[in-house]
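Asks: Here's a structure for you.
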Amino acid sequence: MLLGGGTQQYRRLYDYAMTAIKRNIFYRPMTLNGEDVRLAGQVSSDGRTPVSELKTEAQAQHLGCFAGGMVAIAAKIFQNTEELALGRKLAEGCLWAYEVMPLGIMPEIMHTVPCDEEDHCPWDEKKWHDSVQAAHEGAEDAEAKIRQHRLRPGVAKVDDARYILRSVPIPRSPSPLLTTG
């Protein structure tokens, strides 16, 4: 964008990165109302595991919410309507995460229930309960764990319930009105 298309280097870098990110990081969470949204998950690799065997962990982090804007801006620059739709789904995924929480604030880290298919993801109460059971220790049944941890439909675990307000300090030049001397 800053170079006005003067070089294709950044487009190539973006395209290569997006191929891997779409395959391994972005996922569709199962939602009660079937919203077609995406979140950025987490993938760990030891560097020896083939890419085809990597597993996306449905762990959404608040800082991953930048991804929707990043993808949407690049999609506009490179005139890619498919990725523009993906950017929107990522932004809507974070909105969903805010809206589903009891206080309307997305937690720093949470685990959701991933969809098995990207294009079709009906609500499955048993799958949600199984995910809650797997995410929490204890002999209680899923309903008790849901109540105990105040989980919302589609959320298997809230790993870090904090909301860490992050701000970037804006450098300020001294005001001529406040300068003495």
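Please treat every number below as a calculation from the coordinates, not as lab data. Worth saying up front: this structure is predicted, and the values here are computed from it rather than measured. Glycine gets a Cβ as well: all are built from the backbone with ideal geometry, and neighbour counts include every protein chain shown.
Asks: Please tell me if G34 is buried (at least 16 other Cβ atoms within 10 Å of the Cβ), closer than 26 Å to K126 by Cβ, out of contact with any helix residue (DSSP H, G or I) (no Cβ under 6 Å at 6 or more places or on another chain) and touching a residue at least 40 places away in the same chain (Cβ under 8 Å).
Replies: The answer is no for G34.
Asks: Does the stretch 90-101 contain at least one residue that is in contact with a helix residue (DSSP H, G or I) (Cβ under 8 Å, 6 or more places away or on another chain) and of a type in the set (V, I, T)?
Replies: no
Asks: From the list A17, A60, A75, which residue is in contact with a Ser or Thr (Cβ under 9 Å, 6 or more places away or on another chain) and assigned to a helix (DSSP H, G or I)?
Replies: Just one listed residue meets the conditions, A75.
Asks: Continuing with the same structure: Before we move on, is V71 surrounded by fewer than 17 Cβ atoms within 10 Å (Cβ to Cβ) and touching a helix residue (DSSP H, G or I) at 6+ places or on another chain (Cβ under 9 Å)?
Replies: It is false that V71 is surrounded by fewer than 17 Cβ atoms within 10 Å (Cβ to Cβ) and touching a helix residue (DSSP H, G or I) at 6+ places or on another chain (Cβ under 9 Å).
Asks: To continue, here is another question. Run down E108, E140 and say which single residue is farther than 22 Å from Q42 by Cβ and either surrounded by fewer than 20 Cβ atoms within 10 Å (Cβ to Cβ) or of a type in the set (D, E, K, R) (or both).
Replies: E140
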